[in-house]
Amino acid sequence: MIPPSLQRNPELDTWLAVNADGTVTVFTGKVELGQGIKTALARIAAEELDVAPARVRVRTADTASGPNELYTVGSNSLEESGTALRLAAAEARRALLETAAEELGVHVDALRVRDGAISAPGREGGTTYFALFGGKRFARKVSADAPAKPASEYRVLGRSGARVGMEELVSGRAVFAQDLRLPGMLHARVVRGPTARARLVELDDAEARRLPGVVAVVRDGSFVAVAAESAAQADAAAARLRKSARWEPAPDGWPQDELFARMRAAEAKSYPVENGVAVDAPLPPRVTPDGVVRSLRATYTRPYQMHASIGPSAAMAHEVAGALTVWTHTQGVSVLRPAIAQALALPAERVRLIHVEGPGCYGHNGADDVAFDAALVAHALPGRPVHVQWSREDEHAFEPYGTAMIVDLEAGLDAQGRVTDWCHEARGFTHALRAIPFGERVSGLMAAWQRERAMAPPSPRPMLVHHGGIHRNADPLYAFPQRRIVKHFLADSPLRTSALRGLGAYANVFALESFLDEVAHAAGADPVEFRLRHLDDERARDVIGAAAARFGWQPATRPAGGGRGRGFAFARYKNQKSWAAVAVELTVDDATAQIRLERAVIAADAGQIVDPDGLVNQLEGGLVQSASWTLHEEVRFDRERVTSLDWETYPILRFGEVPDIETVLLDRPGEPWLGAGEATQGPTAAAIGNAVFDATGLRLRDLPFTPERVRKAAAGG
Amino acid sequence: MKLRVNGEARDVDVDPATPLLWVLRDQLGLTGAKYGCGLEQCGACAVLCDGKAVLSCSTAAASFAGREITTVEGLAAGGLDFVQRAFVAEQAAQCGYCIPGIVIAARALLDANPEPSDAQIRAALDTHLCRCGTHPRILRAVKRAARERALAR
């Protein structure tokens with residue numbers, strides 16, 4: 001089968017170019033987000049072409065060149081771009097060898113390649129890819145029938161190698177979107193009200209305009225920006241404008257302490273989930289099977305949480321003769337391009353988007369909105385490049401959050417201690433409201449709602465697809481004889497929400513893997529043994545076994561108590577990506593109620609390993625980020641606005657709190673490579689909760705696990 | 001206003017109240033120190049001032065007159081310094097946005113305390129935020145830097 005990325009981009013030259021200087025350039029429609037995709041793609045191309053990885057340059061998404069691969073999301077990039085590139089590289093190798101065979105006057109089967117040098121054993125002379133083909137075009141399609149190298153001959157994949165770009169990062173030479181500087185560039189800041197929908201009723205910009213360096217105040221309805229010659233001047237002018245602006249707030253939102261009650265009361269669209277897909281059909285009745293000797297139920301919650309990128313979003317835009325170029329750290333240049341064009345009423349051909357790396361985004365953060373902010377200001381000030389830098393407060397207040405969720409679980413046990421039936425109902429707001437092109441009247445871009453000729457925000461729609469947002473990983477991998485999985489979609493969130501790493505998988509895996517621990521204890525079983533009791537999937541069993549062995553898991557059927565505990569959890573992301581098991585050991589301080597992670601073990605199976613170092617980095621990074629979400633993170637808000645506006649009001653995990661981590665990789669040579677960037681978040685949260693139970697006998701069902709929550713649980717809930 | 005940055009005297013024509021970070025990034029073209037919060041809460045803007053790690057996002061450039069400022073670019077001026085080499089060797093980055101500030105903090109720590117304990121390293125980096133969760137290998141990189149400098153002596 002030809003993978004979708006190749007169907008969309010069949011020309012070999014779109015993917016790969018051989019250069020006369022001894023390098024190979026590969027083009028991808030995906031973008032580097034810190035997940036290491038450039039390193040992984042370089043290694044795949046190097047392996048298939050037989051060149052050293054250091055010869056491969058990777059060019060990420062640009063709407064003017066290279067393949068269109070839509071978004072960099074969903075842990076799909078290796079499977080999509082990596083698979084396409086592997087076939088493209090195999091095609092290129094075949095074409096190069098055919099050309100060399102003709103040139104050298106030998107049969108193609110007689111040729112050998114080593115680091116791009118082509119020779120025919122036993123014969124004098126030879127050539128190289130670069131001498132033979134440097135700068136030339138292949139002018140052929142990727143047929144997908146060129147022989148790809150068997151895994152047994154791999155010399156690069158699965159082995160350690162250098163991460164692309166490290167020297168540039170540590171020496172400050174790496175250019176992030178925040179660092180872009182062009183001659184004549186203006187620095188702009190956007191002045192926003194208490195919420196995205198607040199209306200600007202008064203603004204006196206006279207003083208701001210008189211400040212040194214200020215070039216323009218751009219006002220369009222409730223959208224206000226100031227452009228100045230330097231960043232500091234733009235900051236000073238924005239501060240002045242902020243003081244003079246008077247806003248009519250949007251209608252009152254929800255008080256935070258009523259969030260979950262209101263989510264329960266809100267009208268939901270409800271769907272049964274069958275084999276991971278939400279179905280537009282009536283909910284099936286609850287049926288209690290025969291032989292149930294004990295039933296359990298519990299509810300778990302997750303609050304709104306932030307991407308909280310370490311660098312506030314930024315973008316540069318430049319309009320020249322009616323053509324607009326935007327440099328952006330978006331996850332999807334080819335989707336954002338028509339969305340920006342529609343919002344500016346420009347033909348899409350007049351808009352070019354170039355991806356520039358940004359700080360890790362972990363999903364849909366402020367990147368797209370700031371790109372449109374920059375486009376709007378540049379559109380108002382044609383001829384000069386405009387750089388818009390959001391502030392920390394802008395990013396915290398206006399990024400779309402990961403939605404709050406409520407997960408209700410029920411299970412029955414039979415006399416043999418096996419689960420008879422399993423019910424999982426997941427409730428939440430949208431996990432995906434990206435700035436796709438919605439037409440002339442609707443836009444996903446915040447500034448488009450604020451302009452004089454305002455466009456409406458899009459109405460969220462439930463994603464019914466396989467493991468879509470709210471029901472992602474709601475359907476457990478365990479072989480339970482009967483299951484009832486329900487998705488409850490809520491339309492109107494008091495806070496704007498969209499995709500945050502893992503989407504619903506974080507809350508669903510946290511809930512189901514915590515609940516499974518409760519059920520195991522009720523059955524008088526060891527939690528690891530109880531999982532294996534219900535698992536047929538061999539690769540799942542292998543990662544669980546590997547994590548338990550490395551951790552030194554000793555079976556036990558009662559909580560250890562005494563303030564020190566261990567916990568275990570497992571998931572396969574979307575039931576189709578990497579398998580990951582996590583075990584943690586922690587202490588709970590009796591006096592302060594603080595949870596302290598001491599060590600963690602991860603075992604993971606991501607199929608054929610492409611880049612072991614990058615894989616470990618993603619798995620461990622996922623664990624640490626999830627530990628931060630799980631122990632600390634909750635977006636605070638009142639009826640008027642978000643009140644988590646900096647790192648003090650939205651604390652995240654610090655160096656002193658990070659556990660020692662060991663990671664075991666299970667390589668599967670020749671199996672498809674699988675995304676792993678979202679594999680450990682869910683299991684980590686549940687493993688922590690299960691370890692707290694082991695340490696204290698307290699079951700924490702509401703994220704995050706702050707000392708207040710621990711004390712509340714100790715006081716009886 | 002005169003500043004000494006990366007061993008050179010630099011003349012900059014700005015309002016002296018401008019935070020040092022923006023002078024470095026806009027006037028001097030040194031974008032290694034990052035804008036992360038502007039609130040001295042995240043550590044992304046750290047630079048060395050007379051060998052000590054300081055945050056540059058909120059302090060006026062004028063108050064650095066007569067001091068020796070070193071940025072990550074300056075550390076790499078004669079090839080990567082030992083801390084930077086250790087970060088490369090451990091591949092201690094994901095997005096890498098926080099890394100320049102952390103390299104600066106690590107260099108200041110190791111100059112003051114060549115053999116820090118794990119707890120001392122964590123304490124020195126505790127005011128630096130990393131959102132990708134690269135902490136384990138950052139800690140390894142700092143330990144490697146200490147070890148390799150000790151061996152080189």
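Worth pointing out:
- Within the set A:V624, A:V616, the sole residue that is modelled with pLDDT of 95 or more, within 20 Å of the chain's Cα centre (by Cα) and within 8 Å of chain B (Cβ to nearest Cβ) turns out to be A:V624.
- The residue pairs whose first member lies in segment A:533-547 and is at negative phi, whose second member is of a type in the set (V, I, T), and whose beta carbons are closer than 8 Å, counting only pairs six or more residues apart or on different chains, are A:H534/A:V419; A:L535/A:I544; A:I544/A:V528; A:A546/A:V664; A:A547/A:V582; A:A547/A:V601; A:A547/A:I602; A:A547/A:V664.
- Of all residues in segment A:408-431, those satisfying the criterion of being surrounded by fewer than 24 Cβ atoms within 10 Å (Cβ to Cβ) and in a loop (DSSP other than H, G, I, E, B) are A:D414, A:A415, A:Q416, A:G417, A:R418.
- Selection from segment A:612-632 of residues that are crowded, with 24+ Cβ neighbours inside 10 Å and among the acidic types (D, E): A:E620
- Candidates B:R131, B:R137 - the one that is at the interface with another protein chain (Cβ under 9 Å from one of its Cβ atoms), without any contact (Cβ under 8 Å) to a residue 60 or more places away in the chain and crowded, with 24+ Cβ neighbours inside 10 Å: B:R131
- Summed over segment A:357-390, the residues that are buried (at least 24 other Cβ atoms within 10 Å of the Cβ) and within 14 Å of chain B (Cβ to nearest Cβ) give a count of 14.
- Residue within segment A:273-294 that is under 30 Å from A:A454 (Cβ atoms), β-branched (V, I, T) and not assigned by TED's automatic domain parsing to the domain that holds A:F489 present: no
- Looking at A:L169, A:L186, A:L182, just one residue is within 14 Å of another protein chain (Cβ to nearest Cβ) and surrounded by fewer than 20 Cβ atoms within 10 Å (Cβ to Cβ), and that residue is A:L182.
- Restricting segment B:93-124 to residues that are within 11 Å of another protein chain (Cβ to nearest Cβ), hydrophobic (A, V, I, L, M, F, W, C) and within 11 Å of the chain's Cα centre (by Cα), the residue that is surrounded by the fewest Cβ atoms within 10 Å (Cβ to Cβ): B:A105
Yes/no matrix, rows are residues, columns are (1) within 14 Å of chain B (Cβ to nearest Cβ); (2) assigned to a loop (DSSP other than H, G, I, E, B):
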site	(1), (2)
A:R550	no, no
A:F570	no, no
A:A593	no, yes
A:Q608	no, yes
A:I661	yes, no
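- Residue list for segment A:663-687, restricted to those being within 14 Å of another protein chain (Cβ to nearest Cβ) and either surrounded by 24 or more Cβ atoms within 10 Å (Cβ to Cβ) or farther than 15 Å from A:I602 by Cα (or both): A:A676, A:G677, A:E678, A:A679, A:T680, A:Q681, A:T684, A:A685
- Subset of segment A:627-659 (residues that are more than 7 Å from chain B (Cβ to nearest Cβ), closer than 22 Å to A:G567 by Cα and not in a loop (DSSP other than H, G, I, E, B)): A:A627, A:S628, A:W629, A:T630, A:L631, A:H632, A:E657
- Contact map, segment A:439-454: residues that are farther than 21 Å from A:H364 by Cβ paired with residues that are aliphatic (A, V, I, L, M) and crowded, with 16+ Cβ neighbours inside 10 Å, Cβ distance under 6 Å, separation 6+ or inter-chain. Pairs shown: A:R441/A:M455.
- Hits in segment B:10-43 (condition: more than 27 Å from A:G184 (Cβ to Cβ) and either at the interface with another protein chain (Cβ under 7 Å from one of its Cβ atoms) or surrounded by fewer than 23 Cβ atoms within 10 Å (Cβ to Cβ) (or both)): B:C37, B:L39, B:E40, B:Q41, B:C42
The values are calculated or read from the model by the stated rules, or taken from the named source; none is laboratory data. Everything quoted here is computed from the prediction, not taken from an experiment. Every residue, glycine among them, receives a Cβ derived from its backbone with ideal geometry; neighbour counts consider all protein chains shown.
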